1. Just tell me, in residue order, which DSSP H segments of the chain are both 30 angstrom or longer along the helix axis (alpha-carbon based) and at least 0.5 in mean Kyte-Doolittle hydropathy.
2. Going by C-beta contacts inside 10 Å, put V72, V77, V91 in order with the fewest on the left.
3. Rounded to the nearest Å, what's the spacing between the alpha carbon centres of region 104-160 and region 30-65? Just the number, please.
4. Is region 45-112 best put as rounded, prolate or oblate by its Cα gyration tensor, with a ≥ b ≥ c the root eigenvalues, rounded for a/c under 1.5, and otherwise prolate when a/b is larger than b/c, oblate when not?
5. So which lysines pass the test for K93, namely a Cα distance under 28 Å, with those fewer than 8 places away in the same chain ruled out?
6. Starting from the Cα of N128, step 7 Å along the direction of its Cβ; do the same at H149; then give the gap between the two resulting points in nm.
7. Counting only helical runs of four or more DSSP H residues, what would the 222 nm mean residue ellipticity of the chain come to if each run contributes -39,500 (n - 2.57) and the total is spread over all its residues?
8. In what order do E58, E13 fall by count of nearby beta-carbon atoms within 10 Å, going from fewest to most?
Amino acid sequence: MSRRADALAGRVEQGANTLAAFAEGLSDAEWRAVVPPDGRTVGVMIHHVASVYPVEIELAGLIASGKAVSGVTWDTVAGLNAKHAHEHATVGKQETLELLRRNSDAAVKAILAFTDEELDTAAPVSINAGAPLTAQFLIEDHALRHSFHHLAKIKAALRR
């Protein structure tokens, strides 16, 4: 097993666990609070983080195999986020925490399977202007950063 993959997986797990621990302590009113300027509720935002782990790891796997990530734009992401928010507007805390644990656990297991060579493989990524990014960067910038990024937004909205 790659020590780099192990360390990377540990950081992804840390982010998911930190988000889950915070979410467990939220009141019903906090769960339904809107996070400005985004407009999504706290619950929807946490569900969003949980639901995109598989996509983030799939894209990292594409890069690791030397394939480009194409057709993904920030407009595409915004549309998917809006659709997700609409479809999960009343998502419950327990089901969200279960999804967060299940998908983050699967992401951690997938990351552990990456070799150093795969983590170092670069391919063009359309959402980043076609820049040739490594699989490790994509994991760090998405699966790893995502939970910390949204947790910070949520804490700011709740003034915690």
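1. Span-like helices in the chain: 42-64.
2. Details: V72 15, V77 12, V91 21.
Lowest count first: V77, V72, V91.
3. After rounding, the separation between the Cα centres reads 11 Å.
4. Values: a/c = 4.61, a/b = 1.26, b/c = 3.65.
Taking the square roots of the gyration eigenvalues as a ≥ b ≥ c, region 45-112 is oblate.
5. K83, K109, K153, K155
6. For the pair N128/H149, the computed spacing is 1.2 nm.
7. -21500 deg cm²/dmol
8. Working: E58 11, E13 17.
By the 10 Å Cβ count, ascending, the order reads E58, E13.
Bear in mind that the values in this text are calculations on the coordinates, not laboratory data. Predicted, not measured: the structure shown is a model, and the values here were computed from it. Ideal geometry is used to build each Cβ from the backbone, glycine not excepted, and the neighbour counts take in all protein chains shown.
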